[in-house]
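J.: Have a look at this one.
The values are calculated or read from the model by the stated rules, or taken from the named source; none is laboratory data. These numbers come from a predicted model, not from an experiment. Positions of Cβ are backbone-derived with ideal geometry, glycine not excepted, and every protein chain shown enters the neighbour counts.
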Amino acid sequence: MSRITLTQLRKLKSAGEKITCLTAYDASFAHLLDQSGTNILLVGDSLGMVIQGHDSTLPVTVSDMIYHCQQVHRGSEKALLIVDMPFMSYATPDIALESAARLMREGQAQMVKLEGGTWLVETVQMLTERGIPVCAHLGLTPQSVHQIGGYRVQGRTERAAKCIRDDAVALQTAGASLLILECVPGELASDITALLDIPVIGIGAGAACDGQVLVLHDMLGITPGKRPSFSKDFLQEAGSIPAAIEAFINAVKNGTFPGAAHTFE
């Protein structure tokens with residue numbers, strides 16, 4: 001059985017059909033998500049917090065990501081498989097190429113995800129020219145949490161919003177095939193989604209994005225500590241993990257999630 005392709009995701013955007021994405025870190029959950037019809041499985045460096053127990057994503061290594069990506073690959077057949085490039089694994093274009101090649105070859109990912117704006121243009125060009133698809137990530141970028149002063153909404157001022165818009169266009173031009181927007185005002189996310197040809201997946205970015213992603217443990221309400229305000233505990237109402245996954249997919253597809261309570265102004 002062949003996996004979902006980037007071409008198929010672009011067709012969903014063109015048709016106005018919402019794209020669903022959840023994080024996955026092991027074979028069992030990957031199988032559940034895959035069978036439910038989730039379009040994208042993201043092996044996120046969020047595993048540093050929800051699996052490894054760190055207080056940020058920074059300690060995660062390329063070897064960690066390869067290990068978990070292998071498990072998710074073995075547990076799934078249909079969903080597009082994206083893997084995060086962890087902190088400092090793409091500090092320069094050459095380092096990025098070496099790291100991404102390992103994640104694709106050993107981890108068996110279909111795509112790599114990088115956090116950052118125009119400083120990544122050369123890196124994105126290098127990777128895509130060599131056959132490595134790239135998902136960009138703008139807005140709140142957790143690997144830069146110490147630099148930006150915590151997990152805060154980004155793009156609220158006119159200047160900051162323009163910077164994110166410009167970054168999005170530059171990364172698409174450089175070859176990025178997908179964009180994740182995290183924790184930005186819904187209006188800004190709507191503008192960027194309309195501006196770009198590539199699919200835009202939101203997390204805390206409002207309902208106008210082409211699709212939505214959540215950290216699996218947040219969506220199930222099992223993340224230790226406080227759950228992000230843009231998330232929703234689907235397990236509480238659904239009663240079982242398979243039903244919660246189905247409820248998330250249906251809510252994204254029919255436009256009821258995210259609602260106003262999960263969107264920033």
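J.: Can you tell which of 189, 174, 170, 136 is within 17 Å of residue 206 (Cβ to Cβ), buried (at least 16 other Cβ atoms within 10 Å of the Cβ) and either among the polar types (S, T, N, Q) or modelled with pLDDT of 95 or more (or both)? Let's see the steps before the verdict.
T.: Values: 174 fails: within 17 Å of residue 206 (Cβ to Cβ); 170 fails: within 17 Å of residue 206 (Cβ to Cβ); 136 fails: within 17 Å of residue 206 (Cβ to Cβ).
Just one listed residue meets the conditions, 189.
J.: Moving on. Any residue that is in contact (Cβ under 8 Å) with a residue 60 or more places away in the chain, of a type in the set (Gly, Ala, Ser), more than 25 Å from residue 125 (Cβ to Cβ) and assigned to a loop (DSSP other than H, G, I, E, B) - is there at least one of those in region 184-192? Show your work before the answer.
T.: Step one: of region 184-192, the residues in contact (Cβ under 8 Å) with a residue 60 or more places away in the chain are 184-187.
Then drop every residue that is not of a type in the set (Gly, Ala, Ser), which leaves 186.
Adding the requirement that they be more than 25 Å from residue 125 (Cβ to Cβ) leaves 186.
If we keep only those that are assigned to a loop (DSSP other than H, G, I, E, B) as well, we get none.
There is no residue in region 184-192 that is in contact (Cβ under 8 Å) with a residue 60 or more places away in the chain, of a type in the set (Gly, Ala, Ser), more than 25 Å from residue 125 (Cβ to Cβ) and assigned to a loop (DSSP other than H, G, I, E, B).
J.: Out of (1) of a type in the set (A, V, I, L, M); (2) surrounded by fewer than 23 Cβ atoms within 10 Å (Cβ to Cβ); (3) more than 14 Å from the chain's Cα centre (by Cα), what's the single condition that is false for residue 111?
T.: Exception for residue 111: condition (3).
Listed here are the residues, each with its yes/no results for (1) farther than 29 Å from residue 263 by Cβ; (2) in a strand (DSSP E or B); (3) more than 16 Å from the chain's Cα centre (by Cα); (4) in contact (Cβ under 8 Å) with a residue 60 or more places away in the chain.
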residue: 95; (1), (2), (3), (4): yes, no, yes, no
residue: 99; (1), (2), (3), (4): yes, no, yes, no
residue: 137; (1), (2), (3), (4): no, yes, no, no
residue: 166; (1), (2), (3), (4): no, no, yes, no
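J.: What's the number of the only condition in (1) without any contact (Cβ under 8 Å) to a residue 12 or more places away in the chain; (2) touching a Pro at 6+ places or on another chain (Cβ under 8 Å); (3) not small (Gly, Ala, Ser) that residue 178 fails to meet?
T.: Among (1) without any contact (Cβ under 8 Å) to a residue 12 or more places away in the chain; (2) touching a Pro at 6+ places or on another chain (Cβ under 8 Å); (3) not small (Gly, Ala, Ser), residue 178 violates only (1).
J.: Still on this structure: Checking residue 201 against (1) exposed (fewer than 15 other Cβ atoms within 10 Å of the Cβ); (2) assigned to a strand (DSSP E or B), which single condition isn't satisfied?
T.: (1)
J.: I've got another one for you. What are the residues in region 227-265 that are of a type in the set (D, E, K, R), within 18 Å of the chain's Cα centre (by Cα) and part of a loop (DSSP other than H, G, I, E, B), if any?
T.: Let us first name the residues in region 227-265 that are of a type in the set (D, E, K, R), namely 227, 232-233, 237, 246, 253, 265.
Going one step further and asking which of them are within 18 Å of the chain's Cα centre (by Cα), we end up with 227, 232, 253.
If the condition is that a residue be of a type in the set (D, E, K, R), within 18 Å of the chain's Cα centre (by Cα) and part of a loop (DSSP other than H, G, I, E, B), then 227, 232 are the ones that fit.
J.: Return the only residue of 6, 41, 32 being more than 20 Å from residue 113 (Cα to Cα), of a type in the set (A, V, I, L, M), surrounded by 15 or more Cβ atoms within 10 Å (Cβ to Cβ) and in contact (Cβ under 8 Å) with a residue 40 or more places away in the chain. Steps first, answer last, please.
T.: Working: 6 fails: more than 20 Å from residue 113 (Cα to Cα); 41 fails: more than 20 Å from residue 113 (Cα to Cα).
Checking each option against the conditions leaves just 32.
J.: Hey, another quick one. As an exercise: evaluate residue 182 against (1) more than 17 Å from the chain's Cα centre (by Cα); (2) crowded, with 19+ Cβ neighbours inside 10 Å; (3) modelled with pLDDT of 95 or more and give the number of the one condition it does not meet.
T.: Of (1) more than 17 Å from the chain's Cα centre (by Cα); (2) crowded, with 19+ Cβ neighbours inside 10 Å; (3) modelled with pLDDT of 95 or more, only one is false for residue 182: (1).
J.: If we keep just the residues of region 1-56 that are among the aliphatic types (A, V, I, L, M), in contact with a Pro (Cβ under 9 Å, 6 or more places away or on another chain) and assigned to a helix (DSSP H, G or I), which is farthest from residue 231 (Cα to Cα)? Outline the logic, then answer.
T.: First, the residues of region 1-56 that are among the aliphatic types (A, V, I, L, M): 1, 4, 6, 9, 12, 15, 19, 22, 24, 27, 30, 32-33, 40-43, 47, 49-51.
Next, from what is left, pick out any that are in contact with a Pro (Cβ under 9 Å, 6 or more places away or on another chain): 6, 9, 12, 19, 32, 49-50.
If we keep only those that are assigned to a helix (DSSP H, G or I) too, we end up with 6, 9, 12, 32, 49-50.
On the way: 6: 26, 9: 23, 12: 23, 32: 20, 49: 16, 50: 15 Å.
That would be 6.
J.: Let me ask something additional. Which residue is farthest from residue 7 (Cα to Cα), if the candidates are limited to region 67-93 and must be over 17 Å from the mean Cα position of the chain (by Cα) and part of a helix (DSSP H, G or I)?
T.: Among residues in region 67-93 that are over 17 Å from the mean Cα position of the chain (by Cα) and part of a helix (DSSP H, G or I), the one farthest from residue 7 (Cα to Cα) is 67.
J.: Continuing with this model, one more query. Kindly establish whether residue 56 is modelled with pLDDT under 95 and under 17 Å from the mean Cα position of the chain (by Cα). Even if it seems obvious, please write down each step before you answer.
T.: Values: modelled with pLDDT under 95: yes; under 17 Å from the mean Cα position of the chain (by Cα): yes.
When the stated conditions are applied, residue 56 passes them.
J.: So, one more: Condition check: in contact with a strand residue (DSSP E or B) (Cβ under 7 Å, 6 or more places away or on another chain) and in contact (Cβ under 8 Å) with a residue 60 or more places away in the chain. Does residue 205 satisfy that? So that I can check it myself, show each step before the final result.
T.: Details: in contact with a strand residue (DSSP E or B) (Cβ under 7 Å, 6 or more places away or on another chain): yes; in contact (Cβ under 8 Å) with a residue 60 or more places away in the chain: yes.
In short, yes.
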